[in-house]
Amino acid sequence: MTVSTLSAFNAHDTSLPRSIHGEQPVGKSTVAGQHHVVGQPMSAVVASGYGPTSVLALQQVPVPTPAANQVLVQVVVASVTAADSMMRRGDPAFARLFLGVMKPKNAIPGTGLAGIVVATGAEVTRFAVGDEVFGEAGLNFGAHAQYVCVDEDGVFAKKPDSMGFEEAATLCDGPMTSMNFLRRMADVQPGQRVLINGAAGSLGTAAVQLAKHYGADVTGVCSASSAPLVLGLGADRVIDYHTRDFTADTEQYDVIYDTVGKSTFRSSRRALRAGGSYLSPVLSLGLLFWMLWTSVFGQKKAMFDATGLRPADELRVLLDDLVSLHKDGVLRCEIERVYDLSEVQTAHAHVDSGHKQGNLVMRILHKK
Ligand SMILES: NC(=O)c1ccc[n+]([C@@H]2O[C@H](COP(=O)([O-])OP(=O)(O)OC[C@H]3O[C@@H](n4cnc5c(N)ncnc54)[C@H](OP(=O)(O)O)[C@@H]3O)[C@@H](O)[C@H]2O)c1
């Protein structure tokens, strides 16, 4: 394949060039498969620094080379998440110690993806060229591009036929996080009362379905316009946060899961039953204080966890469970909008609005 044919193949093409489809894996090469793609130009989102959506631009960059333990994936769909927005902004500031002090160390953003393996490193055993896969690019980032290298032992798996690329690309965000919080941390039991704040978001839409599946009585907190969605996912009732403050109610819950970090443990304590848990995936100094305090004092507990930093083999078990729930029709991944790669700024702006419903994805490889 020549550079010119690849240059002509951009994110808007409706099919792969014939020569990509026709290539056979290369037996003893250190990179097996379509290794000739490596180093050729591809379309990718590149962040010039931290800041507003305008720091993101579509550029031509070389297709990366997979290391011995990596696969090269042709990205079909990538998710655009609240975490992507936070990383674009370099927020919170201390995260820049890991992401890069002045600008992102990995200029191509994006973590959640689904795609097709096109080449494998010499030591890869779990995947082969042609496998349909999904998962997380993890701290390597780079999923907002036509090709990305992913560690084979990361949070990464073969995509089941029962799940489309779009849904698969979102599974590691809301669904995996909410399963970690509701199953592993809160251990929600049948008959418990669970309140989900931010029930219409990525974490919230998954949480409503999971909590119902675990047998809980579910109250979702969202705006009136999101109420049909949340009720449709199985919530027993909704509270419109514009007109009613759940922390000031007389109702009490065994679990309060604030997916969007809009409440505090202090104000929510009264709404928790004795022995109840307040969980939030959004870390603040206040939550940190109450986690430490309630680990020693009181019956009501405050909890936080960074799901993505848990061991990959543990998260792969969650992914397997989520795939089974999806196959059984228990879980659906709510997708509000599908963008092109060239619309990355628009997608980020919608995340920044704080009112997306469920998940946003970018379709990078357009099939016929
Ligand atoms: N710690 C972890 O492991 C982890 C993992 C993944 C994500 N996160 C974090 O989790 C957070 C949530 O992510 P997400 O993708 O689920 O968020 P999201 O989809 O962007 O949340 C948007 C939703 O929030 C709702 N909302 C806005 N203001 C609200 C309020 N005052 N009260 C109740 N709901 C409100 C909106 O509902 P309406 O439109 O109806 O107003 C909208 O549907 C992010 O901060 C993300 O960084 C943490």
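Among the residues making up the stretch 247-268, those that are acidic (Asp, Glu) and either within 12 Å of the ligand (Cβ to nearest atom) or modelled with pLDDT of 95 or more (or both) are Glu251, Asp254, Asp258.
For the stretch 274-361, the helices (runs of 4 or more DSSP H) that sit wholly inside it and include 2 or more residues that are outside the structural domain of Lys159 (by TED's automatic domain parsing) and more than 12 Å from the ligand (Cβ to nearest atom) are 285-296, 312-327. Within the stretch 290-347, being surrounded by fewer than 15 Cβ atoms within 10 Å (Cβ to Cβ), among the hydrophobic types (A, V, I, L, M, F, W, C) and touching a strand residue (DSSP E or B) at 6+ places or on another chain (Cβ under 8 Å) holds for Trp293, Val338.
Residue count for the stretch 176-221 satisfying the condition of being among the polar types (S, T, N, Q), more than 23 Å from the chain's Cα centre (by Cα) and surrounded by 24 or more Cβ atoms within 10 Å (Cβ to Cβ): 1. For the stretch 222-246, a residue qualifies if it is within 11 Å of the ligand (Cβ to nearest atom), more than 24 Å from the chain's Cα centre (by Cα) and among the β-branched types (Val, Ile, Thr), and the qualifying residues are Val238, Ile239. Of all the residues in the stretch 186-202, those that are more than 22 Å from Lys262 (Cβ to Cβ) and either within 12 Å of the ligand (Cβ to nearest atom) or in a strand (DSSP E or B) (or both) number 0.
Of the strands (runs of 3 or more DSSP E) lying entirely inside the stretch 129-185, those containing at least 1 residues that are among the basic types (Lys, Arg) span 156-158.
The values are calculated or read from the model by the stated rules, or taken from the named source; none is laboratory data. Note that the structure is predicted; figures quoted are calculated from it, not measured. Positions of Cβ are backbone-derived with ideal geometry, glycine not excepted, and every protein chain shown enters the neighbour counts.
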